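The values are calculated or read from the model by the stated rules, or taken from the named source; none is laboratory data. Because the structure is predicted, anything quoted here is derived from the model rather than measured. Please note: Cβ atoms are built from the backbone with ideal geometry, for glycine as well, and neighbour counts cover all protein chains shown.
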Amino acid sequence: MTKTRITIVGAGITGTMTALSLQRRGCQVTLIDKWEPGHARAASSDYNRVIRAISGRDAFYTRWARESRQRWLELQAQAGENLMYECGALILATAGHCDWEDATSQTFDEVGVPYYRFTPADVQSRFQQFKTDDIAYALFEPEAGLLMAHRCVLAGIKLFKQAGGVVTRGAVTTDTSERPMLDGKPLEADVIIMATGAWMADQFPRTIKPISQIVGINVLYTSTPEGSDTYDMAKMPCWIDHGQGSFGIPSSEGSGVKAAVVIPDKIDLDNEARLVKKEMINRTEAYVRRRLPGLAGQKVVDSKFNQIILTPDTHFVLDWHPEHNNVLFAGGCSGHLFKHAPVFGDFAAGVALREYGTADRFKIGPRRKLSPRESPSGR
């Protein structure tokens, strides 16, 4: 029997997990990227990412996150590497602005996600790292944690190759009809999956760009205090500080404490360096001093500038091109696809093989901005 020939463009976490699923289903899969998998310009290249089920009132993503947690544990066993650490996630509900957190606790009850509701005093007692004078309460999800992002990508690539998949280097462009091209010739395959992250908007100016915004997220890593393990993942959870537009990860494998103040920043993908701007360093350091006062005076030891492609409703994109019926879009990550990647990749594989259609929320358009209470990301 002839194998289905599939070409996937983009070897970040979306392309890698989709390629792995399709290869294991018996397809003949080629994965193409401009650079080496895990390269520093990719959105998937940071050291770590939060994995948590919190998605406001959106039970769909909550269930996907729970399933993905199990899939990551399975992939970890298959790869023989530490891909995930379950240090928990603390969701801080800012007084007077708790719609997203209120909705999340209701969804957790509906789906059956284990969690605790803490008073500010409870947080101070259990996690003394955090200053809690401005929060109404907190939700603690003990089975959440962090993914070692760069390692996850490389482990996925290794498993894909072991399954017989092919990884190659090449710069894919599109012609005026948005048909994918390689070396001036149309890409030939039964199915072409475009998983190029933020680059997808410029590659598809008519189809994807109108529903996309490309933004940069500035991330700092702060040293832990000398002689102290208080800020290590064994004693500190990841956290989501939605009211402050921030999130963070405890020091993992010596990385330092990760913190980001999510103020979308513009980036020219092909012409700008991936450097954190001075004003963002100042804002993030001020946030760290306020929320984690024990880190005041500690030095920034590393930084990352991660770009994301953001859709108006923050839902992913998984849909066929309206003119090229063998071209499937996969991405629109909106900053929260990484944790869902094993389930997203498996679902994308089924759509690619036309075993079923895509979800309505993943279709190209039209899209509308959701209220914070409706949005799975709270944005």
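For this structure, a couple of remarks:
- Candidates ALA163, ALA89: the one that is surrounded by fewer than 18 Cβ atoms within 10 Å (Cβ to Cβ) and either touching a Leu at 6+ places or on another chain (Cβ under 9 Å) or of a type outside the set (Lys, Arg) (or both) is ALA163.
- In the range 93-129, the residue that is nearest to GLU67 (Cα to Cα) out of those that are buried (at least 18 other Cβ atoms within 10 Å of the Cβ), modelled with pLDDT of 95 or more and touching a Pro at 6+ places or on another chain (Cβ under 9 Å) is PHE108.
- Residue check for VAL111: at negative phi and touching a residue at least 40 places away in the same chain (Cβ under 8 Å): yes
- The numbered conditions (1) under 27 Å from LEU31 (Cβ atoms); (2) over 23 Å from the mean Cα position of the chain (by Cα); (3) assigned to a loop (DSSP other than H, G, I, E, B) are all true for THR173 except (3).
- Some residue of the range 227-248 being surrounded by fewer than 16 Cβ atoms within 10 Å (Cβ to Cβ), under 18 Å from the mean Cα position of the chain (by Cα), assigned to a loop (DSSP other than H, G, I, E, B) and of a type outside the set (Ser, Thr, Tyr): yes
- Those strands (runs of 3 or more DSSP E) of the range 290-353 in which at least 1 residues are at pLDDT below 95 and among the β-branched types (Val, Ile, Thr), considering only elements entirely within it, cover 300-310.
To keep it simple, each residue is scored yes or no on (1) crowded, with 20+ Cβ neighbours inside 10 Å; (2) in contact with an Asp or Glu (Cβ under 9 Å, 6 or more places away or on another chain); (3) in contact (Cβ under 8 Å) with a residue 40 or more places away in the chain; (4) not hydrophobic (A, V, I, L, M, F, W, C).
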site	(1), (2), (3), (4)
THR314	yes, no, yes, yes
TRP320	no, no, no, no
GLY331	yes, no, yes, yes
ALA348	yes, no, yes, no
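- Sole exception among (1) more than 21 Å from ASP313 (Cβ to Cβ); (2) surrounded by 22 or more Cβ atoms within 10 Å (Cβ to Cβ) for ILE217, by number: (1)
- Only one of the listed residues (LEU22, LEU31) is within 29 Å of PHE305 (Cα to Cα), crowded, with 23+ Cβ neighbours inside 10 Å and of a type in the set (A, V, I, L, M, F, W, C). That residue is LEU31.
- Failed item, numbered, when LEU73 is tested on (1) out of contact with any helix residue (DSSP H, G or I) (no Cβ under 6 Å at 6 or more places or on another chain); (2) aliphatic (A, V, I, L, M); (3) crowded, with 22+ Cβ neighbours inside 10 Å: (3)
- Filtered residue count, the range 133-143, keeping only those that are surrounded by fewer than 20 Cβ atoms within 10 Å (Cβ to Cβ) and under 18 Å from PRO250 (Cβ atoms): 2
- Residue check, ARG57 modelled with pLDDT of 95 or more and charged (D, E, K, R): no
- When the range 191-208 is filtered for residues that are in contact with a helix residue (DSSP H, G or I) (Cβ under 9 Å, 6 or more places away or on another chain), outside any helix (DSSP H, G or I) and within 19 Å of VAL29 (Cβ to Cβ), the ones remaining, listed by number, are VAL191, ILE193, MET194, ALA195, THR196.
- Qualifying residue in the range 251-259 (condition: among the polar types (S, T, N, Q), in contact with an Asp or Glu (Cβ under 7 Å, 6 or more places away or on another chain), at pLDDT 95 or above and assigned by TED's automatic domain parsing to the domain that holds GLY10): no
- Unmet criterion (only one of (1) within 18 Å of the chain's Cα centre (by Cα); (2) over 23 Å from ILE240 (Cβ atoms); (3) buried (at least 17 other Cβ atoms within 10 Å of the Cβ)) for ALA53: (2)
- Against the conditions (1) among the aliphatic types (A, V, I, L, M); (2) touching a helix residue (DSSP H, G or I) at 6+ places or on another chain (Cβ under 6 Å); (3) not assigned by TED's automatic domain parsing to the domain that holds ASP232, LEU154 satisfies every one except (2).
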